[in-house]
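> Let me begin by handing over the structure; questions about it come next.
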Amino acid sequence: MTSVTRRSLLLGSAGALLASGPAAAAATGTLAGAPTPNPATAGRGNRPANIIVLTPRKDVGDVLGFRDLLESMGMQAKIDVREVQQASAVAGMLPDIRAARPDLVLTVFTPLTLATVGRYDDPDPSKFLTDVPVVFTSVTDPVASRIVRSLEQPGRAVTGTRHIAPVAVQLKTMLAYRRWKKIAAVYNPAEENMVVAVRDLKEEAARQGVEIIDGAVPRDGAGRPNPDAIPDLIRDVARAGAELIYIGPDTLVASNNSQAVADAALANNVATFCSTELPIRRSGLLMGLVSPAVNVGRFAGLKAYDILSGAKPATAIPVETLNRFSLLLRINTAKRLDLYPPMRLLNIAEIVKDA
């Protein structure tokens, strides 16, 4: 089994819990070195900053953390949170968003961000928001998705935060639990960020001698990925020898159907690993290495504060990932699978209890 010490998992490639710089500051609430709060400047004189938030759900941790950070910094802001369940709806909302004359727009997750700003090499102002600073949160790979040209220099007034641990770190964590020989990646092939994530997982797994079974969700008669097919898909990958199911930052699979995944995996005696927080907390998934969504939102809030206070233009703010990750384990699921976790992981994990 892969040897992973407590120190290497906490401070090494599996994600530091003791970070430095603004990422750690946003996560912990200690903003040493940040600009001194100036509510008057942040609020544009007597007018609060006008912020529009586009999110699949109003209660996601990203939005809560974003709001909390701005309040803690003394930012005077009117925050209009708009729930957008389908990214395709954004195009119809853009005229109203422009009419509201926001000082900044926050977008949550890759699909809504792409629908709002488009790709950096095709910034059509008739289709996308190009004249307002945009901060995104919890975007998997903004460079591969062509949201920004590079992490260090976005190349446009769009910046934000990533939320996924590097794929090598995720795989190392999976293998620290058991030396799995076959892992199935169950994902929505219509989500570009997931196609990239699975590709990267396959490349890293090949270096580690692990086989990845491709578990793309089948499409229905209209060509749309069919979530009703997930239980049968998991049965099929289990029959193909999958010992663990990997669930990435997938809106269809992780955000909307995590319970179906958890139930089917348990029925087929297969373990589960998820790279995002909420599906593990609300479903019977076994484990995951995650950046808590509230902390990711707080980090996005820090970037928004820099823009709105005039400290930095959006074009000069790099896209970053928090340096800290939390290992979540659900012991009841481990017991049902007869896969009790090794003690070295229990020593550093947060144990998630069933509701």
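The values are calculated or read from the model by the stated rules, or taken from the named source; none is laboratory data. Quick caveat, the model's predicted, so the values are computed rather than measured. Backbone-built Cβ (ideal geometry, glycine too); neighbour counts: all protein chains shown. Calculation scope for accessible area: heavy atoms of the full protein, side chains included, ligands and nucleic acids excluded. Shrake-Rupley method; radii C 1.70, N 1.55, O 1.52, S 1.80 Å.
> Quickly run through the stretch 221-239 and pick out the residues that are at pLDDT 95 or above and open to solvent by 50 Å² or more (accessible area, probe 1.4 Å).
D228, P231, D232, R235, D236, R239
> Within the stretch 141-163, restricting attention to residues that are open to solvent by 20 Å² or more (accessible area, probe 1.4 Å) and of a type in the set (A, V, I, L, M, F, W, C), which residue is nearest to P123 (Cα to Cα)?
The residue in question is A157.
> Mind checking whether some residue in the stretch 113-120 is of a type outside the set (A, V, I, L, M, F, W, C), closer than 30 Å to A264 by Cβ and in a loop (DSSP other than H, G, I, E, B)?
No; the residues of the stretch 113-120 include none that is of a type outside the set (A, V, I, L, M, F, W, C), closer than 30 Å to A264 by Cβ and in a loop (DSSP other than H, G, I, E, B).
> Residues in the stretch 238-247: is at least one among the acidic types (D, E) and within 14 Å of the chain's Cα centre (by Cα)?
no
> While we're here: If a residue must be more than 20 Å from the chain's Cα centre (by Cα) and among the polar types (S, T, N, Q), how many such residues does the stretch 326-341 contain?
2
> Going by the structure shown, is R101 at positive phi and in a loop (DSSP other than H, G, I, E, B)?
When the stated conditions are applied, R101 passes them.
> Also, quick follow-up: For S138, state whether it is open to solvent by less than 60 Å² (accessible area, probe 1.4 Å), small (G, A, S) and in contact with a strand residue (DSSP E or B) (Cβ under 7 Å, 6 or more places away or on another chain).
Yes, satisfied.
> Follow-up. Are there any pairs with C-beta distances below 6 angstrom linking a residue in the stretch 276-294 that is more than 19 Å from V167 (Cβ to Cβ) to a residue that is part of a helix (DSSP H, G or I) and among the aliphatic types (A, V, I, L, M), with the two at least 6 apart or on different chains, and if so which?
S283/A262; G284/A262; V294/L64
> Specify the residue that is surrounded by the most Cβ atoms within 10 Å (Cβ to Cβ); the eligible residues are those in the stretch 46-70 that are modelled with pLDDT under 90 and under 18 Å from V139 (Cβ atoms).
So, considering only residues that are modelled with pLDDT under 90 and under 18 Å from V139 (Cβ atoms), the one surrounded by the most Cβ atoms within 10 Å (Cβ to Cβ) is V60.
> Now for a separate question. Condition first: touching a residue at least 24 places away in the same chain (Cβ under 8 Å), more than 30 Å from L285 (Cβ to Cβ) and either of a type outside the set (D, E) or touching an Asp or Glu at 6+ places or on another chain (Cβ under 7 Å) (or both). Now tell me which residues in the stretch 304-353 satisfy that.
The answer is A304, Y305, I307, L308, S309, G310, A311, P313, A314, T315, I317, P318.
> Within the set of pairs 6+ apart or on separate chains, which have a first residue in the stretch 78-105 that is closer than 19 Å to G297 by Cβ, a second that is open to solvent by 70 Å² or more (accessible area, probe 1.4 Å), and C-beta atoms under 8 Å apart?
I79/R67; V81/K58; E83/K58; D103/R44
> Quick one: which residue in L289, L346 is under 29 Å from V253 (Cα atoms) and at pLDDT below 95?
Testing whether each residue is under 29 Å from V253 (Cα atoms) and at pLDDT below 95 leaves just L346.
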